[in-house]
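The values are calculated or read from the model by the stated rules, or taken from the named source; none is laboratory data. Quantities reported herein were computed from a predicted structural model and do not represent experimental measurements. In this analysis, Cβ positions are derived from the backbone assuming ideal geometry, glycine residues included, and neighbour counts consider all displayed protein chains. Heads up: the accessible areas ignore ligands, DNA and RNA and are worked out on the full protein's heavy atoms, side chains in. Shrake-Rupley method; radii C 1.70, N 1.55, O 1.52, S 1.80 Å.
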Amino acid sequence: MELQERQVLETKVKNAIEQIRPYLQQDGGDIAFVSLTDDYVVNVELQGHCGSCPYSRMTLKQNVELAIQDAIPEIKSVENIKDLE
């Protein structure tokens, strides 16, 4: 992925996250963009209640990932960095 393409995609991802953030904050959680891989995987950190919620994986895949992919079809998946540890 070229630098310019990465920057454009990262900006789009960050904008999509800003659209999702208020819904997570309503439940005491939050989300932070961490990185975008060359394989079009977005790494995020779920924070607050979302970081410890037993349903966080479902929220991430069924809500966050789908919303980001809807806005940016090139994105293959969204992963919580805490699940990668």
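Points worth noting:
- Every residue from segment 75-85 that is open to solvent by 50 Å² or more (accessible area, probe 1.4 Å) and touching a Lys or Arg at 6+ places or on another chain (Cβ under 9 Å): D83
- When Q62 is tested against (1) open to solvent by 90 Å² or more (accessible area, probe 1.4 Å); (2) under 22 Å from M1 (Cβ atoms); (3) among the polar types (S, T, N, Q), exactly one condition is not met: (2).
- One residue stands out among those in segment 38-58 that are open to solvent by 40 Å² or more (accessible area, probe 1.4 Å) and of a type in the set (S, T, N, Q): the one that is farthest from V8 (Cα to Cα), which is S52.
- Restricting segment 1-37 to residues that are among the aliphatic types (A, V, I, L, M) and part of a helix (DSSP H, G or I), the residue that is most open to solvent (accessible area, probe 1.4 Å): L3
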